[in-house]
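For reference, the structure is listed below as structure tokens.
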């Protein structure tokens, strides 16, 4: 199967949505629209990367909104949507890999996986494909506030994004555009060259956010489509001489360190299992077998980031994690804030959603005797079912 590059067009001003910011940077359920769009695309296994088109001078705002999410390229847009899309397509061509592309508006933040599946399949037989919805309402012309003639709706379709294209075909359409009335739709540019454009079933969740009320509608949809999952994790490692002590991604000075196949970070191991457990996706050993030599001495941060990516690709978002480290020594208190900050960075969460606690076993058991350190964790995940 051929992978696709996604072009997110986020160069508009978006003033009708209100809020004092271009709408692509306004928050929906705690995340900017542009971050939702990025996550929705990147969770699909066929999407190999994102090229982002932003207004000139808005690069820093875009980076802040994406909060570390990777992009293959970030390019300035033009004076029109057509010019912005053209800039994104030229950036995709310059990357030199992949022959299929998705073009998507950042103002459509939520993208069901099934829509991308249908678009990708349609490109096997057509140069382009677009998601559409039938027009259900009566259509009429308006004349100075008075009802005009009814417009027949037979055969009419509401066209959405993302739209999928063979890269060479849509590039030819943009490069050969001869001016005149500005097109608002890339598929129509392709049709003008005589290339076929397939129709696939769209989804109401893809409706564009344009006005303030659209944010309320999207929030309501998200709440109705969400389910909440909880995962638990537990891990323990022995202490031994000649090893470094890593806890929560922080190297803590201590006479002994934890022994394990990776860096033996018992805290991140417990967290990884909790996150994977919340989506029913096995445990750390099934994803990173201790028998595999490539994980010898590996940083456990890689395991937790992998688990977070699995959540995103399952249509979910980690909302909160609660970690308890169980040991007699060292004292965790002096390192608690550093551990919270590190975990927050790995999971891209505010520190207020990261709980780190420590306790002892009153000198009882293997932890009480200083033979090892244990950790237990709980992760809360919200899954948006229609995006899974």
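The values are calculated or read from the model by the stated rules, or taken from the named source; none is laboratory data. Just so we're clear, the structure is a prediction, and the values are computed from it rather than from any experiment. Here Cβ is always computed from backbone atoms with ideal geometry, including for glycine, and neighbour counts include all displayed protein chains.
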(1) over 20 Å from residue 205 (Cα atoms); (2) in a loop (DSSP other than H, G, I, E, B); (3) in contact (Cβ under 8 Å) with a residue 12 or more places away in the chain all hold for residue 21 apart from (3)
Is it fair to say residue 339 is outside any helix (DSSP H, G or I) and within 29 Å of the chain's Cα centre (by Cα)? no
Which of (1) within 20 Å of the chain's Cα centre (by Cα); (2) part of a helix (DSSP H, G or I); (3) touching a residue at least 24 places away in the same chain (Cβ under 8 Å) does residue 63 not meet, given it meets every other one? (3)
Does residue 218 satisfy the criteria of being assigned to a helix (DSSP H, G or I), touching a residue at least 60 places away in the same chain (Cβ under 8 Å), over 16 Å from residue 380 (Cα atoms) and outside the structural domain of residue 160 (by TED's automatic domain parsing)? yes
Given the options 266, 200, 205, name the one that is in contact with a strand residue (DSSP E or B) (Cβ under 7 Å, 6 or more places away or on another chain) and closer than 30 Å to residue 26 by Cα. 200
The residue from 99, 67, 105 that alone is within 22 Å of residue 311 (Cβ to Cβ) and either touching a helix residue (DSSP H, G or I) at 6+ places or on another chain (Cβ under 7 Å) or modelled with pLDDT of 95 or more (or both) is 67
On the given criteria, is residue 350 at pLDDT below 95 and either more than 30 Å from residue 115 (Cβ to Cβ) or not assigned by TED's automatic domain parsing to the domain that holds residue 302 (or both)? yes
Surrounded by 10 or more Cβ atoms within 10 Å (Cβ to Cβ), in contact (Cβ under 8 Å) with a residue 12 or more places away in the chain and under 24 Å from residue 113 (Cα atoms): does that describe residue 167? yes
Look through 318, 373, 383, 325 and report the one residue that is farther than 17 Å from residue 235 by Cβ, in contact with a helix residue (DSSP H, G or I) (Cβ under 6 Å, 6 or more places away or on another chain) and either at pLDDT 95 or above or not in a helix (DSSP H, G or I) (or both). 318
Would you check if residue 262 is surrounded by fewer than 23 Cβ atoms within 10 Å (Cβ to Cβ), at pLDDT below 90 and either at negative phi or not assigned by TED's automatic domain parsing to the domain that holds residue 22 (or both)? no
Given the residues 82, 153, 141, 108, which is the only one that is assigned to a loop (DSSP other than H, G, I, E, B), farther than 25 Å from residue 314 by Cβ and either free of Cβ contacts under 8 Å to residues at least 60 places away in the same chain or assigned by TED's automatic domain parsing to the domain that holds residue 200 (or both)? 153
Would you confirm whether or not the range 70-85 contains a residue that is over 25 Å from residue 118 (Cβ atoms) and modelled with pLDDT under 90? no
So how many residues does the range 239-259 have that are touching a strand residue (DSSP E or B) at 6+ places or on another chain (Cβ under 6 Å), in a loop (DSSP other than H, G, I, E, B) and buried (at least 16 other Cβ atoms within 10 Å of the Cβ)? 3
